[in-house]
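**Student:** The structure that follows is given in the form of structure tokens.
Throughout, read-outs are computed from the coordinates displayed, never taken from laboratory work. A quick note: this is a predicted structure, and the numbers were derived from the prediction, not measured.
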Amino acid sequence: MADSPKLDHPTFALVKERLAGKRFRATEFREQSTLIVEPADLHEVLALLKGEGYDFLSDITGVDYLGYPSETIGRFGVIYNLVATSRDDRFFVKTFLDPSVPTEGIEEDPALFLDSVTDLWSGAEWMEREVFDMYGIRFRNHPDLRRILMWETYPAHPLRKDYPLRGHGEREAYKVVDRTSA
């Protein structure tokens, strides 16, 4: 039987002390610590962590938990991978969002919004654009939130698990170019 997580990362205690009125969850898996926060508290928590030495935002990624075998807080997870370069310390912050409208198209869902962290780490700009493009999660106050991997009129967000494997017919609309006509 596996040991229960120790949750002894010092950042857990720091966040709990500084933001005592907020609701958090914490996990550790294979010595990687993750703090789970409410979407409304995300920017405040990340600003606190940046001020506490997490000076490098290594990655922002999204996860679609549709059909996940165990229960999650929401369908979409957005994970921030933070690094304190001065002490070689890595820490993850995760938040969950639940869509309020069907997710088949590209319509804007008011439940899939987070505050941008480009004011904290300018390098977040392209990472937030990728999460927007692939999952449809929008970031408030982002300086240039537009598609980065798919073309602007692409009809959906392709990393959502309810997106059809063969697409919505966009592949069939391409003009086929062979060697003789190129």
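**Student:** ³J(HN,Hα) across region 13-30 via Karplus (A = 6.51, B = -1.76, C = 1.60, θ = phi - 60°), whole Hz, x for Gly/Pro?
**Tutor:** So the Karplus estimates, Gly and Pro as x, are 5, 4, 5, 4, 6, 6, 10, 4, x, 8, 9, 10, 10, 9, 9, 9, 9, 6 Hz.
**Student:** Sticking with this structure for a sec: Among DSSP bridges having both ends in region 10-140, what percentage is antiparallel? Round to the nearest 5. Before the final figure, lay out the partial values.
**Tutor:** Values: 23 of 30 bridges.
Taking every DSSP beta bridge within region 10-140, about 75 percent pair in antiparallel fashion.
**Student:** Let me ask something else about it. Quick query: amide H of ILE36 versus all other amide H atoms, modeled in the peptide plane; which residues come in under 5 Å with a sequence gap of 5 or more or a different chain?
**Tutor:** Close amide H contacts, sequence-distant or interchain: ARG25, ALA26, THR27, LYS94.
**Student:** A further question follows. Return the equivalent ellipsoid semi-axes of region 10-140 as a descending list in whole Å, where each equals the square root of 5 times an eigenvalue of the C-alpha gyration tensor. Display every interim value, and only then the final one.
**Tutor:** Working: eigenvalues 119, 57, 37 Å².
Those come to 24, 17, 14 Å.
**Student:** Okay, next question. Using Cα pairs under 8 angstrom and six or more residues apart, how large is the relative contact order of the chain, in percent?
**Tutor:** Values: 268 pairs, mean separation 29.3, N = 182.
RCO, the chain: 16 percent.
**Student:** If you plug each phi of region 42-58 into the Karplus form 6.51 cos²θ - 1.76 cosθ + 1.60 with θ = phi - 60°, what whole-Hz ³J(HN,Hα) values come out, in order, with x for Gly and Pro?
**Tutor:** Working through the residues one at a time gives 4, 4, 5, 5, 5, 5, 4, 5, 4, x, 9, x, 7, 8, 10, 8, 6 Hz.
**Student:** Additional query: For region 1-68, what's the relative contact order in percent, using C-alpha pairs closer than 8 Å and at least 6 residues apart?
**Tutor:** Values: 34 pairs, mean separation 15.2, N = 68.
Relative contact order comes out at 22 percent.
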